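Below: one structure, written as structure tokens.
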Amino acid sequence: QVQLVESGGGLVQAGGSLRLSCAASGGAFSSYAMGWFRQAPGKEREFVATIRWSGGSTMYTDSVKGRFTISRDNVKNTVYLQMNSLKPEDTAVYHCAAKSGRYSSKSYEYDVWGQGTQVTVSS
């Protein structure tokens with residue numbers, strides 16, 4: 001089964017940028033749809049973005065449209081989340097996840113999760 005490890009989180013000022021990476025190993029990465037989710041303290045896990053196995057289709061939650069971009073490199077077995085114009089409300093632990101079949105915004109459809117990386121945006 002594929003294993004996922006996120007990196008790239010950190011502390012950034014509002015308006016800044018970060019790029020998160022999620023490296024996959026141990027499975028057929030190119031066959032999985034991938035998603036990014038986030039969870040802030042005291043809040044439920046929230047969908048952020050998802051991408052089709054081929055990279056040809058993506059979907060975003062409304063609050064990040066125009067600011068975040070999900071992409072993938074099936075040679076490097078890595079999915080990315082480029083985050084621009086960051087806001088304090090983007091502060092959360094960001095997790096990547098993998099699922100078979102169609103890409104989805106529903107967290108319960110994902111089979112494999114990474115441990116997460118902390119993103120903190122200061123005002």
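The values are calculated or read from the model by the stated rules, or taken from the named source; none is laboratory data. Computed from a prediction, not measured in an experiment: that's the story for all the values here. As a convention, Cβ positions derive from the backbone with ideal geometry for all residues, glycine included, and neighbour counts pool all protein chains shown. The protein model used for the area step is the full one, side chains on, heavy atoms only, and it has no ligands, DNA or RNA in it. Shrake-Rupley method; radii C 1.70, N 1.55, O 1.52, S 1.80 Å.
Some observations on this one:
- For the set E44, E109, E6, the ranking by accessible area, highest first and with no ligand, DNA or RNA atoms included, is E44, E109, E6 under a 1.4 Å probe.
- Calculated accessible area for the chain comes out at 50 Å² per residue, all protein chains present (probe 1.4 Å; ligands, DNA, RNA ignored).
- For region 1-43 and region 93-119, distance of Cα centres in Å: 8 Å
- Overall Cα dimensions of region 31-123, principal axis frame, Å, largest first: 39, 24, 23
- Listed residues L20, L11, L81, most fluctuating in the chain (Gaussian network, C-alpha, under 10 Å): L11
- Fraction of accessible area attributable to carbon and sulfur, the chain (%, probe 1.4 Å): 46 percent
- GNM result for the chain, Cα springs below 10 Å: residue of G35, G26, G15 fluctuating most strongly: G26
- Nearby lysines by direct alpha-carbon distance to K43 (threshold 19 angstrom, same-chain neighbours under 8 apart not counted): K87, K106
- Cα pair distances in region 1-80, grouped into 10 Å bins until the bin that holds the longest one, percent each: 17, 49, 30, 5
- Residues in region 64-81 that a label on K43 would reach, taking backbone N under 13 Å of a point 7 Å out along Cα→Cβ: 64
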